[in-house]
Amino acid sequence: MKSVLITGANRGIGLALTKRFLADGYKVFAVCREASVGLAKTKAQIIEGVDLLHEQTFHNLFQALGNEKIDVLINNAGILERESLTDMNFDTVLKQFQVNALAPLKVTVALLPYLNEHAKVAMITSRMGSINDNGSGGYYGYRMSKAALNAASVSLARDLHEQGVAVAILHPGFVQTDMVGGAGDIDPDTCALRLKQRIDELNVANSGTFWHSNGDILPW
């Protein structure tokens with residue numbers, strides 16, 4: 001049985017991914033600070049007490065994994081704030097860097113010994129991290145943190161190539177989640193299905209590509 005570890009698995013896209021991979025026969029390690037009712041109802045192996053802002057809590061992750069190996073690592077956890085030039089908050093800019101850019105890198109590096117041969121790493125990013133695609137401005141912390149995540153992900157793709165580990169950089173789409181107040185044009189289940197398709201197609205030849213979940217290649 002193949003295994004997948006998903007961060008931010010307690011709600012939204014993370015919960016939908018958990019259900020999708022379970023339906024496809026994967027053993028799912030669902031990582032979160034605290035399990036939601038929805039997550040608790042699944043058959044995932046829930047790993048609670050992991051706060052991505054506090055690296056010392058990673059020991060909860062290592063303890064729960066034991067000698068398990070991971071075929072797919074999905075760095076999904078993230079936050080969104082809404083700074084503008086006239087309403088700037090550098091504290092939230094920094095926090096978004098810590099959660100959206102640094103934490104996925106920290107988790108990936110920490111879990112490298114747990115990755116199976118030819119494992120896959122999926123970074124859930126956003127097209128808002130695309131410099132070329134920015135036509136509206138604003139959202140300083142979110143845009144900057146996702147651009148940083150994209151840069152780190154390309155470096156990981158290059159550095160892990162010889163080990164046969166592939167890295168996908170995935171924009172989920174505009175998804176109806178709490179993060180965006182329920183707005184969006186696709187539901188989390190549709191998003192999870194699309195993301196799973198992109199991960200299935202991932203290999204070392206296309207590693208480091210910035211994809212929309214619908215399969216389009218996005219500009220940097």
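Candidates are the residues of the stretch 72-92 that are in contact (Cβ under 8 Å) with a residue 40 or more places away in the chain and among the acidic types (Asp, Glu); the one that is nearest to Ala122 (Cα to Cα) is Glu81. Scoring Gln98 on the criteria (1) under 24 Å from Asn150 (Cβ atoms); (2) not in a helix (DSSP H, G or I) leaves a single failure, condition (2). Within the stretch 200-220, residues that are under 20 Å from Ile131 (Cα atoms) reach partners that are hydrophobic (A, V, I, L, M, F, W, C) and assigned to a loop (DSSP other than H, G, I, E, B) with beta carbons closer than 8 Å, at six or more positions or on different chains, in the pairs Phe210/Leu218; Phe210/Trp220; Trp211/Leu218; His212/Leu218; Trp220/Ile131. Entry remark, the stretch 106-139: residues being closer than 18 Å to Phe58 by Cα, crowded, with 18+ Cβ neighbours inside 10 Å and not β-branched (Val, Ile, Thr) number 3 in total.
Where a number appears in this text, it was derived from the coordinates with a stated rule and is not lab data. For clarity, every value in this text was computed on a predicted model and none was experimentally measured. Because the Cβ atoms are built from the backbone with ideal geometry, glycine has one as well, and the counts that use them run over all protein chains shown.
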